[in-house]
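K.L.:
Could you have a look at this structure, given as structure tokens, before my questions?
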Amino acid sequence: MIKSENLVYEYKRNISDNKEDRIRVLDGLNIDIEDGQFISIVGHNGSGKSTLARHLNALLMPTGGTLWVNGMDTSDENNTLSIRQNTGMVFQNPDNQIVASVVEEDVAFALENIGVPTDDIWRRVEKSLATVGMIKYREDAPNHLSGGQKQRIAIAGILAMKPRCIVLDESTAMLDPGGRKEVIDAVRELNSKEHINIILITHYMEETIYSDRIFVMNRGRIVMDGPPEHIFSDISMLKKYNLEAPQAVYIADRLRKEGFVINKPVLSMDDLVSVFADYKIGVGNVDRGKKS
Amino acid sequence: MLRDITIGQYYPTGSIIHKLDPRVKLAGTFLFIISIFTFENFLGYVVSLIYLGTVIFISGVPLKYILKGVKPIIFLIVFTAAIHLFFTSGDDVLWKFYALKITFTGLKKAAFMVIRLLFLITGSSIMTYTTTPNRLTEGIEKSFGPLKKLHIPVHEFALMMSLALRFIPILMEEADKIIKAQSSRGADFEEGNIFKKISVVVSILIPLLVSAMERARDLALAMDARCYHGGEGRTKMKPLRYTEKDYISYCIIFVYMVSSVAIGRFI
Ligand SMILES: Nc1ncnc2c1ncn2[C@@H]1O[C@H](COP(=O)(O)OP(=O)(O)OP(=O)(O)O)[C@@H](O)[C@H]1O
Ligand SMILES: [Mg+2]
């Protein structure tokens, strides 16, 4: 469970020799995330998404307000290690977060750090690698893997800590479409099967449609919060925050304007296809209405 | 040029030497080097040659490969030999040409030097051929572990080495990309005077350095996020454990040391 009250993060910037300026990156955030949810965070560049993510596993500490992860106050340094075990983080660049030259040793890194006995390390590494479907590559060098596979290794490394939450900070940004799907499929499965809380930060709206809730951030605040159907029903509002809805939403929107009656929410191309399928067999979800 | 340096490359054959604990190989190499610098007669080197030859044979690494490691330092060997040959004073002159003279003592010293350097290189390259860099790092960390009491950051050095080993191939690949990018913009790596060449090299090094710093920053963050907090209380997935063959090897190393030094110094 993650909860914050008026979370503020400011950094100082020197304007001139003896004048300082305080820049507010997070501006009084109130969030409340229940266990087992799949949350997406979107927002244009510089809106504070990474800063928020880094607060979630105590890589940064609030300069104002409070953040609790699993009941622990993140600003208390005694909690730092437990918070980092509880909430893992996958970063953007797949290469720069792999520390070992052998896959299984990289997955073991966090366990070695928290002092898990050797036999347990082997068991947990094997299990996590199997969960992300990378057990075949356990003895390989990470350099030869694809981007999507490297990110799955990073996820396995976190999974081995038995976390309750995984934060992905634009972890799909450097991957090709195939790699992006690999990563998204992996975290969706973790969410549905192991009930691990997923916090997905992304610029690809298509990736957010499976989430329970989407947070839209703008200038250090959460300006929209709700399920995907709700968030993407308001295209003009999204536009105000420099964001776009998934392609399918626009197509459905156009179709509605053309007079098609589409009764169910459309977020993905699959949704559209099923709408057309219904239309073809005349189930009645779609009616060609008369424009007057 | 970089391709010629074979020291530090792993050559897997799955031999028993490959499977030895890295600490045994470190100690063995270290003692072997000490032994070859203590001999006073050629008989000692005969013993060393037999010993080294046997180890190479068991390791299954082709001799050709091991000798390739000598190539980059041939100049050094010739140079050291020449200095010893021409500048050793003594009465037993064999050949004289104005100020240059070769004495019997000089000849002997030069021969010793050549043998020592050859053995030094082949001896240590057999260690790196049979041990992965990571195992070697672990061996070093564990062997020098007691120095932690003197506040020498052994763990940090070992970690630094293994991270460097992990990122060398990535940075090499990146350098390759930068070189291609710069060539496509008309940079010429072959022609031009020394200053032009330097400026071309700088145009590769600077972007490489910037990217390395960026990677280092990312990596530090990722390590923090995965609970890294120094060597204190850390466990290992693959801790070094001695087995029977390691103890036997220590005995063999001991027997070699005693016999070779006895023969090399006192016969
Ligand atoms: N300690 C700091 N020093 C200087 N600038 C900072 C600091 N912390 C945050 N910033 C700035 O705050 C802003 C918000 O950063 P943040 O990385 O959280 O945004 P983001 O939403 O993740 O953006 P992006 O989509 O580009 O990743 C950026 O403009 C960043 O440069
Ligand atoms: Mg960011």
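K.L.:
Using a 10 Å cut-off around each Cβ of peptide A:78-91, what is the average number of partner chain Cβ atoms that fall inside?
P.N.:
2
K.L.:
Taking the Cα centre as origin and putting +1 on Lys and Arg beta-carbons and -1 on Asp and Glu beta-carbons, what dipole magnitude results for the range A:1-69, to the nearest 20 debye?
P.N.:
Computed charge dipole of the range A:1-69: roughly 260 debye.
K.L.:
Using 0.36 nm times the number of residues separating A:PHE276 and A:ASN242, minus their current alpha carbon distance, what extension gain do you get?
P.N.:
The span from A:PHE276 to A:ASN242 would gain 9.2 nm if fully extended.
K.L.:
Something else now. As a test of reading the structure, rank A:PHE232, A:PHE276 by solvent-accessible area (1.4 Å probe, protein chains only), most first.
P.N.:
A:PHE276, A:PHE232
K.L.:
Roughly how many percent of the accessible protein surface of the range B:2-266 is carbon and sulfur, given a 1.4 Å probe and a whole-percent answer?
P.N.:
Ligands and nucleic acids excluded, carbon and sulfur reach 71 percent.
K.L.:
Whole-Å semi-axes of chain B's equivalent ellipsoid, largest first, each the root of 5 times a Cα gyration tensor eigenvalue?
P.N.:
Those come to 39, 31, 17 Å.
K.L.:
What lysines sit close enough to B:LYS149 to cross-link, taking a C-alpha to C-alpha distance under 22 Å and skipping anything fewer than 8 places away on the same chain?
P.N.:
Filter leaves B:LYS236.
K.L.:
Tell me, what is the Rg over Rh of the range A:185-239, with Rh the Kirkwood radius over Cα pairs?
P.N.:
0.99
K.L.:
Keeping the other protein chains in place, figure out the carbon and sulfur percent of the accessible area of chain A, with a 1.4 Å probe.
P.N.:
Carbon-and-sulfur percentage of accessible area, whole number: 45.
K.L.:
Let me cross-check A:SER274: its accessible surface, 1.4 Å probe, with only protein heavy atoms counted, in Å² to the nearest 10?
P.N.:
40
K.L.:
While we're on this one: Short version: which residues of the range A:100-121 lose at least 40 Å² of accessible area, all chains versus chain alone, 1.4 Å probe?
P.N.:
Correct list: A:SER101, A:GLU105, A:PHE109, A:GLU112, A:ASN113, A:THR118.
K.L.:
A follow-up question, please. Please list the non-local residues whose amide H lies under 5 Å from the amide H of A:MET217, H modeled 1.01 Å from N, same-chain partners needing a gap of 5 or more.
P.N.:
Long-range HN contacts for A:MET217: A:VAL42, A:GLY43, A:VAL223.
K.L.:
If you filter the range A:70-145 for GluC sites (Glu not before Pro), then keep DSSP loop positions with at most 11 other Cβ within 10 Å, what is left?
P.N.:
A:GLU139
K.L.:
Same structure again: Taking amide H atoms as placed 1.01 Å from N in the peptide plane, list the residues 5 or more away in sequence, or in a different chain, whose amide H sits under 5 Å from that of A:THR63.
P.N.:
A:VAL8, A:TYR9, A:GLU10
K.L.:
Here's another thing I want to ask about it. Report the paramagnetic label zone for B:LEU240: residues of the range A:95-112 whose backbone N is under 20 Å from a point 7 Å from Cα along the Cα-to-Cβ axis.
P.N.:
Counting backbone N atoms under 20 Å from the label point, the list is A:100-102, A:105-106, A:109, A:112.
K.L.:
Here's a follow-up. Quote the accessible area belonging to A:TRP122 in square angstrom, nearest 10, computed with a 1.4 Å probe and with ligands, DNA and RNA left uncounted.
P.N.:
90
K.L.:
With a Förster radius of 41 Å, plug the Cβ-Cβ distance of B:VAL255 and A:ALA173 into 1/(1 + (r/R0)^6) and report the FRET value to the nearest 0.05.
P.N.:
It comes out at approximately 0.10.
K.L.:
While we're here: Looking at this model, which pairs from B:LYS68/B:LYS177; B:LYS25/B:LYS245; B:LYS142/B:LYS245; B:LYS19/B:LYS238; A:LYS136/B:LYS142 are more than 23 angstrom apart at the alpha-carbon?
P.N.:
B:LYS68/B:LYS177; A:LYS136/B:LYS142
K.L.:
How big is the range A:2-241 on each of its three principal axes, counting only the C-alpha atoms and giving the largest first in Å?
P.N.:
52, 43, 35 Å, listed from the longest principal axis down.
K.L.:
A further question on this structure: Taking just the alpha-carbon atoms of the range B:83-180, what radius of gyration and Dmax come out, in angstrom?
P.N.:
Using the Cα atoms of the range B:83-180, the pair Rg, Dmax is 22.8, 61 Å.
K.L.:
While we're here: For B:ILE248 and B:LYS19, compute 0.36 nm times the residue count separating them, minus their Cα-Cα distance, and round to one decimal in nm.
P.N.:
Full extension of this stretch gives 81.1 nm more.
K.L.:
Still on this structure, please answer the following. With bins 10 Å wide starting at 0, give me the P(r) of the protein assembly as shown over every alpha carbon pair, in whole percents.
P.N.:
3, 13, 19, 19, 16, 12, 8, 5, 3, 1, 0, 0, 0
K.L.:
In nanometres, what is the gap between the two model label sites at B:VAL93 and B:PHE144, each 7 Å from Cα along Cα-to-Cβ?
P.N.:
4.9
K.L.:
In addition: Excluding residues on the same chain fewer than 8 positions from B:LYS109, give the lysines whose Cα lies under 24 Å from its Cα.
P.N.:
B:LYS71, B:LYS96, B:LYS101
K.L.:
What do you reckon, how do B:MET160, A:MET1 stack up by accessible area (1.4 Å probe), largest on top?
P.N.:
B:MET160, A:MET1
K.L.:
Also: For B:LYS180 and B:GLU214, what does the FRET efficiency come to when R0 = 25 Å and r is the distance between their Cβ atoms, rounded to the nearest 0.05?
P.N.:
With a Förster radius of 25 Å, E is 0.80.
K.L.:
With a 1.4 Å probe and all protein chains in place, put B:PHE57, B:PHE86 in order of accessible area, largest first.
P.N.:
B:PHE57, B:PHE86
K.L.:
How do the peptides A:25-38, B:146-159 rank, highest first, by the average count of neighbouring beta carbon atoms within 10 Å per residue?
P.N.:
Going by the mean number of other Cβ atoms within 10 Å, highest first, we get A:25-38, B:146-159.
K.L.:
Let me ask you something else. Return the equivalent ellipsoid semi-axes of the range A:1-93 as a descending list in whole Å, where each equals the square root of 5 times an eigenvalue of the C-alpha gyration tensor.
P.N.:
Taking √(5λ) for each eigenvalue gives 25, 16, 13 Å, largest first.
K.L.:
Can you report the principal axis dimensions of the range A:99-252 using only the alpha carbons, biggest first, rounded to whole angstrom?
P.N.:
If we take the Cα atoms of the range A:99-252, the spans are 55, 28, 28 Å.
K.L.:
Assign unit charges at the C-beta atoms only (+1 for Lys and Arg, -1 for Asp and Glu), then state the dipole size of the range A:1-139 relative to its Cα centre in Debye, rounded to the nearest 20.
P.N.:
In total the dipole reaches around 360 debye.
K.L.:
Follow-up question, since we're still on this one. As a test of the definition: with a 1.4 Å probe, what buried accessible area, both sides summed, do you compute for B against A, in Å² to the nearest 100?
P.N.:
Rounded to the nearest hundred, the buried surface is 2900 Å².
K.L.:
Using a 1.4 Å probe, what is the accessible area per residue for the protein assembly as shown, in Å²?
P.N.:
Result: 53 Å² of accessible area for each residue.
K.L.:
Find the all-direction average of the projected area of the Cα convex hull for the range B:26-158, expressing the result in square nanometres with one decimal place.
P.N.:
Its average projected convex-hull area is 11.0 nm².
K.L.:
Hey, what number do you get for the protein assembly as shown at 222 nm if only DSSP H runs of n ≥ 4 count, each worth -39500 (n - 2.57), divided across all residues, to the nearest 500?
P.N.:
Result for the protein assembly as shown: -16500 deg cm²/dmol, rounded to the nearest 500.
K.L.:
Find the relative contact order for chain B and round it to a whole percent, using C-alpha pairs within less than 8 Å whose residues are 6+ positions apart.
P.N.:
30
K.L.:
Another one. Excluding same-chain residues fewer than 8 positions from B:LYS64, which aspartates and glutamates have a Cα within less than 16 Å of its Cα?
P.N.:
Partners found: B:ASP4.
K.L.:
B:GLU173 to B:GLU40: FRET efficiency via 1/(1 + (r/R0)^6), r the Cβ-Cβ distance, R0 56 Å, to the nearest 0.05?
P.N.:
The value I calculate is 0.65.
K.L.:
Once whole DSSP H runs in chain B are found, which of them have Cα atoms spread over 18 Å or more along the helix axis and a mean Kyte-Doolittle score of at least 1.6?
P.N.:
Helices meeting the span and hydropathy rule in chain B are B:42-59, B:74-87.
The values are calculated or read from the model by the stated rules, or taken from the named source; none is laboratory data. Model, not experiment: these values are computed from the prediction. Glycine also receives a Cβ, built like all others from the backbone with ideal geometry; neighbour counts cover every protein chain displayed. Just the protein is used for accessible areas: all its heavy atoms, side chains included, with ligands, DNA and RNA removed. Shrake-Rupley method; radii C 1.70, N 1.55, O 1.52, S 1.80 Å.
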